[in-house]
Every structure is written in structure tokens, then in C-alpha cells.
Amino acid sequence: MIKHISEPELRAWVDSLLEGPPVYAPQARQGRFAFDRLRRSADLRLDYDVTILPPKKYFLPQQETLVRFTREGGFESAVEAEPFVLFGIHPYDLVAINQLDAIFARAPGDAHYLTRRHAATLVVLDVETVSEHHFAGGLGQATVDGNRDFDAMLTRLPDGSYVAEARTEKGRTLMDGLADAPDAGPESLAAREEVWIRNRKALRKHRLTMAPERIPELLADAHDHPIWEEKGALCYSCGACTLVCPTCYCFDVRDEWNPGLADGERVRTWDGCMFTQFAAVAGGHNFRKSRAARYRHRYFRKGKYVWDMIGEIACVGCGRCIGACTANIANPVEVYNRLQEDTP
Ligand code: SF4
Ligand code: SF4
């Protein structure tokens, strides 16, 4: 099902979706953009460049209750499964979600993540406005390819109309409200192809000087490279680069007792490898005590460890970390280009 629709038709369709399960979509927030519950189609900002936090927050919330327990030994899992629509995900964020899908599905599987993920209908939106730090084009993640897992896709054409395509049964159900719209003809499909070609070139605000597949090889030989000390010395250990990253998924788990100590909850919160305490363990030890060790770990984790695990680079080129770093040292392209320069 591939439809060609005008902007007013798209807004009317979105308004009809708002009568169903919750829709989360990009909206303006204090001069920037954020995914939030959509209440009316007029608030939808399909022209957003990048959101402050990635949409992974709907599958891996900043804070969530995993189980509830009582002092007597009662124990109840707190898995949520409300259907919802995640509308307007840029392709690079979809890639990040699909990476998390693969990681959280590994045995024994993360029931909390997977339950939310199965409850979601994902609508991808091709990028209309390029941010100052996008570099997804150099990583091959500026557009989605056929292997990615999502339900429907929207592309704004240069004349302001949209091509809307359903990719799954969920997507077709979501697009029921567009059943009377005309099918996309060869001209609009060709115009969509042009948008993809444009975006693969345009989302290269920082230029990677190598093919992405080269990154794991470079890192394999770069454990003792001086860049880790040089850049690490400037790091504030604020963790911002990890917290805004769509592919970071580290978390902390702790038990919180309610007043009276009769019962409590096991809570999971986001954590990040750039925080000083992240690798602190019993006995006062910290296995990544220095800033250089933490700084190096982040790039190995993005460019090698996840590659070794699922065969993909865990950087999708959203550029959020570059904008979030007050020390101006979190640009993955700068780091990988430097390793490439220094590797014979
Ligand atoms: S490392 Fe930076 S650019 Fe890459 S996915 Fe994470 S936040 Fe985006
Ligand atoms: S955002 Fe910059 S300063 Fe903060 S932890 Fe990351 S690299 Fe260090």
C-alpha cells in the first residue's frame, strides 16, 4: 500500500489516529524538538532536524519499575503492554531501535523492552531538515533499507506532498484512514527516490574518511593510541554524550523500599559509561578509573564491541553527542578519522 497525499490530508489522517492509542511524535520544545504525546496534528513538526532525546525512551524509559515486591516475599513483574504509535522517526533513529531490538532479544530476552516494542507501531519519516551535526549519510544510515523493521514510512516530496507506504500489517491497519487517497504513481515514487539520493549526500555534515566497516579494524589496533589521553584529559565525565545517544542502553538497577518497609520496587534507570561511578565495584575498585579509559571505552563500544556482537556499528550518525558535549570532544567522526590518519 503506497499512497500519495497532500499535507492537509496527512494532518487529517493524523487527527483521526489521535482517536486511537497514544501517538508520540516530534514537536517543538523551547527552540528545539522532542518526541512527546501528540494531542493535535497542528503540533506535529515533520520538519524537525533532530530531537533532544532519541525515541528509544519509549522502549527503555529513563526510569521504570521492573518488579514490585513485599517483605513477605511477594514478587510481581511490572511489564507494560499498552499499544502506541511512534510517529515520525528519522531513519538513523530507526536503525538504532533495530539494533536495540537485536540486543534486547538476545537470550534470555528483556521482557520489559520487548513487550513495549511489540506494542508499538513505528512510522518512519525521511529527513526534511538536516541538522548541523548529522553524519548518518557516511554510515549508510540516512535512509532505511528493506531489511529494517518498521511499519510505515512517510517521505515529503519537494512539492510539499507526501508518499506514505505501509510495510507491515500493522502499517496497513494504521493507514486504513488513507484508503481513499490515490496510489502513488511512478512520478511520485521517482520523486521519493530523489529525496533518498539527496539525503544520502546531505546528511554528511562531518565527513568520515573511511567506509564504516573499517572502524572495527582501526579500533582493534588503537588500544594504546594517544588520542584517548589527549581527549580524555578534557572530559568532564558529565555523561551527556551517552544519555543523548540512540544506541546507548546501559542501565542501573536498584531496590527502593516504600516508607514502613512493607513493600517496594526494583527500579531501572539510564546509566552511562562516561560517569565516574559506572565501573565502580565492591572494595573501592573502579575498572575504568581514568577519564581516558572511559573515553576510549565509549568509542570501542560504538565501533567494535557491538559490531562484534551484532555486526553493526553502534553509531548511526545522529550527531546528538557532538551538540551535547560542552568540552567539544565527543565527535565520533573526528576520532575515527584521526585513527585512520595515524594507521599505516
Ligand atoms: S555516538 Fe553520537 S552520533 Fe553516534 S549514534 Fe550516538 S549520539 Fe548519535
Ligand atoms: S559529553 Fe563530553 S565532557 Fe561529557 S562525558 Fe561526554 S565526552 Fe566527556
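Derivation of every value follows stated rules applied to the coordinates shown; laboratory data play no part. All of these numbers come straight from a predicted model, not from anything done at the bench. Neighbour counts run over all protein chains shown; Cβ positions are idealised from the backbone, glycine included.
Quick notes on this one:
- Counting every other Cβ atom within 10 Å of each residue's Cβ, ASP126, ASP49 order from fewest to most as ASP49, ASP126.
- DSSP-assigned coil residues among GluC sites (Glu not before Pro) in the range 168-230, each with at most 11 further Cβ atoms within 10 Å: GLU213
- Loop-resident trypsin sites (Lys or Arg not before Pro) (DSSP state other than H, G, I, E or B) in the range 156-243 with no more than 11 further Cβ atoms inside 10 Å of their Cβ: ARG207.
- Sum of side-chain charges, VAL281 neighbourhood, beta-carbon under 12 Å (Lys, Arg +1; Asp, Glu -1): +2
- Modelled FRET efficiency - R0 51 Å, ARG254 with SER6, Cβ distances, 0.05 increments: 0.50
- Annotation note: GluC sites (Glu not before Pro) in the range 294-344 located in DSSP loop regions with a Cβ neighbour count of at most 12 within 10 Å are absent.
- Averaging 1/r over each pair of different alpha-carbon atoms in the range 1-159 and inverting the result gives 17.1 Å, the Kirkwood hydrodynamic radius.
- 10 Å beta-carbon shell around SER161, net charge (K/R +1, D/E -1): -2
- Lysine-lysine proximity count for the chain, Cα under 27 Å, sequence distance 8 or more or distinct chains: 21
- Calculated over the range 169-272: convex hull of Cα atoms, volume per residue (Å³): 277
- Considering helices alone, the calculated mean residue ellipticity of the chain at 222 nm is -8500 deg cm²/dmol, with DSSP H runs of length four and up weighted by -39500 (n - 2.57) and normalised per residue.
- Relative contact order for the chain, counting Cα pairs under 8 Å that sit 6 or more residues apart, in percent: 21
- Stokes-Einstein diffusion coefficient of the range 258-341, Kirkwood radius over Cα pairs, 37 °C, 0.692 mPa s, in µm²/s: 212
- Computed about its Cα centre, the charge dipole of the range 204-344 is approximately 360 debye, with only Lys, Arg, Asp and Glu carrying charge at their Cβ.
- Span from the the range 195-239 Cα centroid across to the the range 273-344 one, whole angstrom: 9
- Orientation-averaged projected area, Cα convex hull of the chain (nm²): 20.1
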